[in-house]
1. Calculate the spin-label point distance for Ala102 paired with Val117, positioning each point 7 Å from the Cα along the beta-carbon direction, and give it in nanometres.
2. As a quick test, which of the pairs Lys48/Lys160; Lys69/Lys130; Lys69/Lys173; Lys69/Lys92; Lys152/Lys209; Lys152/Lys173 have an alpha carbon distance above 21 angstrom in this structure?
3. Mind checking which of Ser59, Tyr71, Pro95 is farthest towards the positive end of the range 49-114's charge dipole, using Cβ charges of +1 (Lys, Arg) and -1 (Asp, Glu) about the Cα centre?
4. Report the full-extension gain for the segment Lys209 to Met91: residue separation times 0.36 nm, less the Cα-Cα distance, to one decimal in nm.
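Since every read-out is calculated from the coordinates, none of them should be taken as a lab result. Computed from a predicted structure; not experimentally measured. All Cβ positions, glycine included, derive from the backbone under ideal geometry; neighbour counts span all protein chains shown.
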Amino acid sequence: MAESSPSSHDEATSRTTQTFAIPSNITVTVVSKTNSLFSSFNQVNSVKLDRGNYLLWESIVLLIVEGNKLYHHLDGSVTSPPRLILDGAEMKPNPDYTDWHATDRLLVGWLHNTMSVEIGAQLLHCQTAKAIWFEARSLAGASTKARVMVYKSDLHRTRKGGMSMSDFLNKMKSIADQLTLAGSPVPHEDLVLHTLNGLDAEYNAIVVKLLDQTHLSWVDIQAHLLAFENRIEQLNQFANLSLEPTAQLATRGAPPRPNSSSWSDSDGSHGGWRGSNQGFSGRNYRGRGGGRSARGRGNRGGGRRPFCHYCKRSSHDISKCYSLTDDSG
């Protein structure tokens with residue numbers, strides 16, 4: 001037992017030495033850490049690069065690539081190791097190059113997988129991660145540069161109108177981003193000014209307030225405008241709720257609408273006097289004299305007196321005109 005203990009201790013020490021005494025080769029360390037980029041589904045970029053979202057795609061890809069310590073493959077700050085190295089008197093394959101090349105090829109495939117079919121098909125000739133990275137930016141910028149004047153015009157002319165505040169702010173920021181990608185960045189102050197100029201008159205109160213606060217960031221501007229929009233919507237809802245009971249009471253207390261066949265005044269519109277046919281008794285409605293005797297009693301309903309467009313007399317309408325009856329007889 002006493003002799004076996006040192007032997008067991010030596011074996012444990014040897015195993016420990018073999019485990020931790022592996023040379024800390026930087027290339028090997030990088031490769032082991034970068035495998036997570038290609039094996040973890042949590043790092044898949046769900047935003048596919050197209051001709052209109054390069055800045056968003058670039059920001060997401062950079063976060064993932066830098067987090068896996070692979071950015072040197074994109075910017076070319078670390079060049080490829082030599083393919084062959086001299087080992088004694090002969091040239092042999094360089095294991096560092098093999099590891100570097102494998103990692104770069106995996107990164108190329110991963111980048112292609114974050115692109116739309118249209119963009120990826122135009123970058124198939126790129127053999128390195130650096131090449132595909134710069135070609136993607138050039139391709140996106142080329143289509144944007146041709147539209148610089150269009151984007152500048154849109155920045156001046158865009159109005160909120162019927163858009164929600166969120167959609168309006170997103171559109172203004174998107175136009176500014178496209179101009180930045182085309183090499184014509186929009187200063188922060190100009191973006192804020194164009195945005196405030198695109199608001200309707202109901203936002204004048206918040207516009208005047210924000211114009212005096214030049215230190216606010218774009219996020220602060222959005223927060224103020226969204227909060228103001230929410231306040232307007234709340235006030236409109238309160239106003240609608242308070243008007244509904246009043247409208248119901250007004251409808252219940254309103255007098256009945258006049259009968260459209262009751263009578264017509266001199267301008268042809270219907271009045272409020274009902275029962276014009278009942279305003280003249282049988283004995284009063286026997287001739288011209290009867291019509292005149294009933295003239296003073298025709299306005300029982302408190303409205304305007306009826307008027308006959310045929311004989312030009314009041315006290316009756318044309319449907320009861322005695323002159324029209326006499327002439328036809």
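1. 3.3
2. Lys48/Lys160; Lys69/Lys173; Lys69/Lys92; Lys152/Lys209, as the Cα separations exceed 21 Å there.
3. Working it through, the farthest residue towards the positive pole turns out to be Ser59.
4. 35.2 nm
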